[in-house]
1. When the stretch A:168-192 is examined, which residues are found to be touching a residue at least 24 places away in the same chain (Cβ under 8 Å) and either within 21 Å of A:Lys140 (Cα to Cα) or of a type in the set (S, T, N, Q) (or both)?
2. What number of residues in the stretch A:157-175 are of a type in the set (Asp, Glu) and away from chain B (no Cβ under 11 Å)?
3. If you take the residues of the stretch A:77-93 that are facing another protein chain (nearest Cβ under 8 Å) and over 22 Å from A:Asn11 (Cα atoms), which of them is surrounded by the fewest Cβ atoms within 10 Å (Cβ to Cβ)?
4. Please work out which residue is farthest from the other protein chains (Cβ to nearest Cβ), limiting yourself to the stretch B:206-236 and to residues that are out of contact with any Phe, Trp or Tyr (no Cβ under 8 Å at 6 or more places or on another chain) and under 14 Å from B:Ile109 (Cβ atoms).
5. What's the total number of residues in the stretch A:97-111 that are within 9 Å of another protein chain (Cβ to nearest Cβ), touching a strand residue (DSSP E or B) at 6+ places or on another chain (Cβ under 9 Å) and surrounded by fewer than 23 Cβ atoms within 10 Å (Cβ to Cβ)?
6. Collect the residues in the stretch A:133-153 that are aromatic (Phe, Trp, Tyr) and more than 20 Å from A:Val92 (Cα to Cα), keeping them in residue-number order.
7. Are any residues in the stretch A:194-222 surrounded by fewer than 19 Cβ atoms within 10 Å (Cβ to Cβ) and part of a helix (DSSP H, G or I), and if so, which ones?
Amino acid sequence: MAKTKVITSENVKLHYGDFEALHGINLDFAEHEITALIGPSGCGKSTYLRCLNRMNDLIPTARVEGDIRLRGQDIYAPSQDVVQLRKSVGMVFQQPNPFPFSIYENVVYGLRLAGVKDRAVLDEAVETSLQQAAIWDEVKDKLHESALSLSGGQQQRVVIGRVLAVKPEVILMDEPTSALDPISSSQIENMLLALRHDYTIILVTHNMHQASRISDKTAFFLQGRLVEAAPTKQIFLNPAEKETEDYITGRFG
Amino acid sequence: MDPIREAMLHPSRSARLERRGKLISFLCIALIVLVVVAIFAFVAWHGLATFFENKINLWDFLSKSVWSPAVKDAHGNPEVGALPMIVGSFGVTFLSAIVATPIAVGAAIFMTEISPRWGSKVLQPVIELLVGIPSVVYGFIGLSVVVPVIRHVFGGTGFGILAGTFVLFVMILPTVTSMAVDALKAVPRHYREASLALGGTRWQTIYRVVLRAGMPGILTGVVFGMARAFGEALAVQMVIGNASLLPQNLVSPASTLTSVLTSGIGNTVMGSLENNALWSLALLLLLMSLAFNLVIRWIGKKGEMK
């Protein structure tokens, strides 16, 4: 059964000045799947991830070539509204980065940007998003306290709730659990498994076990190349490439 | 006795050095504290003499608007009402801060968010240069440019709070700007990234996140600027008119605590009421500086707690 492709990318190259950091990546992402991007540090997986919501636009020397489409729409087309793109393709970063506001204000931030003022709509969004992010029960009584007073794992879930409130189609996650303890990590993993039914998730991770536990598909990056992308089981049990096998079995990386 | 035991019982060379270093740094800080306490004590001693020795009512001093310590009023009490100077000082301080703040914040946004390269290459040196210009130069320009312009536009002499505001605004602008720049630069990059990744435009990110997160730092800069404006003597004295009268409007000659001090302190005899009254003004200035300092610390603390 062929699932709908949400994001397709073809021959994506990225240059920082004269340095080519990505050497032509071809990778597609199917709807309502979790795709894990793995590979050693500096292999370009985060860089590639940041091409998908055009966060690399913020780096003046970065230049992206190739063709990236969100539901068939070229996201690097001159007519593409970057703000609109980033609403459809949300992003969670490695370090939990709540704003120094209350939990409530953090979650409604994206809605406020869009000009939503109706209190009932905002309240409703806070409750559903935080429930989806599996943090509602822990914070429902202190929504108006600073988000910075929470633990790292709670902050990361609030941040995920903040992304969900905007109702994106795709969520990019750049090592969302690498700064967290194992319990917080597993809470977030369980949450991602639940979110998969409604969202397409692309997850950069250094944690091989995490990739094997929760992803449907895994893509292995090495030195700016995509070595192999296949269903997760296949990558971990029967990789096609020698490099993949070496990395997964811990022979390097 | 065995050598190890011997060594343990006596302080080592490095321990002695450590103690000496501690002593030297303690002496340095003790000297500074001593100087500060001595200045406070001296100013307070003379400043309070007006009230204890010359029996001037504190409330009269703060609320009466006639300042001529050499003259006695109908009841035989000397006229030492400092209200005109208090109004003048606070007037120029707040007005210049109100004018300077939006411009400083705008400049800081441009330098940090919109064009950092231009900001650090061109604007930063310009601002540092502005800080280095001696206040007499500002006063001189105020006297020969600002005052005639105000005279031409509004009539009167041109001297007054408005002229003082103009000069002070230019003087505190670099201070407030550079502190606002520091405050905005200190806002972590990931706040900006988070906002942009949620579909924020650059402008939304600046005013919803960057300015909000940098607000304590910006406010500290504004209060620093106000402290500087409040304490500035020379440039203000040159353009404010130096009339110890309650200002009728922004272009009538007025005076500030500092301008009365600088123009009067050489013309009085130590220990006389005229002299003591000036010390009382100095004490008031000192207390206000202290108040500004406390406000800055308070803002800093509130900023940390978030």
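The values are calculated or read from the model by the stated rules, or taken from the named source; none is laboratory data. Computed from a predicted structure; not experimentally measured. In this analysis, Cβ positions are derived from the backbone assuming ideal geometry, glycine residues included, and neighbour counts consider all displayed protein chains.
1. Listed by number, the residues that qualify are A:Thr177, A:Ser178, A:Ile183, A:Ser184, A:Ser185, A:Gln187, A:Ile188, A:Asn190, A:Met191, A:Leu192.
2. Residues in the stretch A:157-175 being of a type in the set (Asp, Glu) and away from chain B (no Cβ under 11 Å): 2 in total.
3. The residue in question is A:Gln84.
4. Per the stated criteria, the residue is B:Gly221.
5. Number satisfying all stated conditions: 2.
6. Passing the criteria: none in range.
7. A:Ala194, A:Met208, A:His209, A:Ser212, A:Arg213
The rows are residues; the columns are (1) on the phi > 0 side of the Ramachandran plot; (2) within 9 Å of chain B (Cβ to nearest Cβ).
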site: A:His23; (1), (2): no, no
site: A:Ala36; (1), (2): no, no
site: A:Ser46; (1), (2): no, no
site: A:Leu52; (1), (2): no, no
site: A:Thr61; (1), (2): no, no
site: A:Gly72; (1), (2): yes, no
site: A:Ile75; (1), (2): no, no
site: A:Gln95; (1), (2): no, yes
site: A:Leu113; (1), (2): no, yes
